[in-house]
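To keep things clear, I will list the structure first and then write my remarks on it.
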Amino acid sequence: MHKQLEALALPVLGISPQSEDSHARFSAQHNLPFPLLVDTDKTVIKAYDVNGPFGLGVRRVTYLIGRGRIVLDAVQADFRVTDHLKFLEAFIAKRSVEN
């Protein structure tokens with residue numbers, strides 16, 4: 001999936017409030033091919049309104065962000081990883097047809 005997004009010149013980033021050390025361990029454990037950004041004060045999390053219920057945790061959302069930093073589409077699927085994947089697969093298929 002990541003290679004397909006790269007082929008379309010679409011960068012992938014992860015953002016969460018955990019520490020840099022936590023991100024490094026998680027990234028190594030899951031062999032992530034993209035960077036994880038630290039948002040310990042939840043500035044980005046609050047800006048995108050993805051703070052968890054009662055401020056606990058973080059909602060899992062996949063955003064497609066276009067030129068000018070405009071959100072083109074999004075899916076909030078929390079721990080339903082297959083929903084995130086289906087969302088991205090549909091976007092890749094649509095983008096491939098357009099090109």
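The values are calculated or read from the model by the stated rules, or taken from the named source; none is laboratory data. Values in this document were obtained by computation on a predicted structure and should not be read as measured data. Virtual Cβ from ideal backbone geometry, glycine too; neighbours counted across all protein chains shown.
Looking only at residues that are of a type in the set (K, R) and at pLDDT below 90 in the range 81-96, which one is farthest from V12 (Cα to Cα)?
Per the stated criteria, the residue is K94.
If I filter the range 57-69 for residues that are in contact with a helix residue (DSSP H, G or I) (Cβ under 9 Å, 6 or more places away or on another chain), small (G, A, S), farther than 20 Å from L10 by Cα and in a loop (DSSP other than H, G, I, E, B), do I get at least one hit?
no
Is there a residue in the range 15-36 that is among the polar types (S, T, N, Q) and surrounded by fewer than 11 Cβ atoms within 10 Å (Cβ to Cβ)?
Yes, the conditions are met somewhere in the range 15-36.
Tell me, please, whether a residue that is in a helix (DSSP H, G or I) and closer than 17 Å to V71 by Cα can be found in the range 22-39.
No: the range 22-39 contains no residue that is in a helix (DSSP H, G or I) and closer than 17 Å to V71 by Cα.
When F79 is evaluated against the numbered criteria (1) surrounded by fewer than 13 Cβ atoms within 10 Å (Cβ to Cβ); (2) assigned to a helix (DSSP H, G or I); (3) of a type outside the set (D, E, K, R), which criterion, by number, is the only one it fails?
Among (1) surrounded by fewer than 13 Cβ atoms within 10 Å (Cβ to Cβ); (2) assigned to a helix (DSSP H, G or I); (3) of a type outside the set (D, E, K, R), F79 violates only (2).
Kindly check whether there is at least one residue in the range 42-51 that is part of a loop (DSSP other than H, G, I, E, B), among the aliphatic types (A, V, I, L, M) and loosely packed, with under 11 Cβ neighbours inside 10 Å.
no
Can you tell me which of (1) out of contact with any strand residue (DSSP E or B) (no Cβ under 8 Å at 6 or more places or on another chain); (2) surrounded by 11 or more Cβ atoms within 10 Å (Cβ to Cβ); (3) not in a helix (DSSP H, G or I) is the one A9 doesn't meet?
The failed condition is (2).
Would you be able to say whether some residue in the range 75-93 is under 15 Å from the mean Cα position of the chain (by Cα) and among the basic types (K, R)?
Yes: one or more hits.
State which residue pairs qualify: first residue within 21 Å of Y48 (Cα to Cα) and touching a residue at least 12 places away in the same chain (Cβ under 8 Å) and inside the range 13-25, second residue of a type in the set (F, W, Y) and in a loop (DSSP other than H, G, I, E, B) in any location, beta carbons under 8 Å apart, and separation of 6 or more residues or different chains.
As it stands, the answer is L13/F34; G14/F34, since those pairs meet every condition given.
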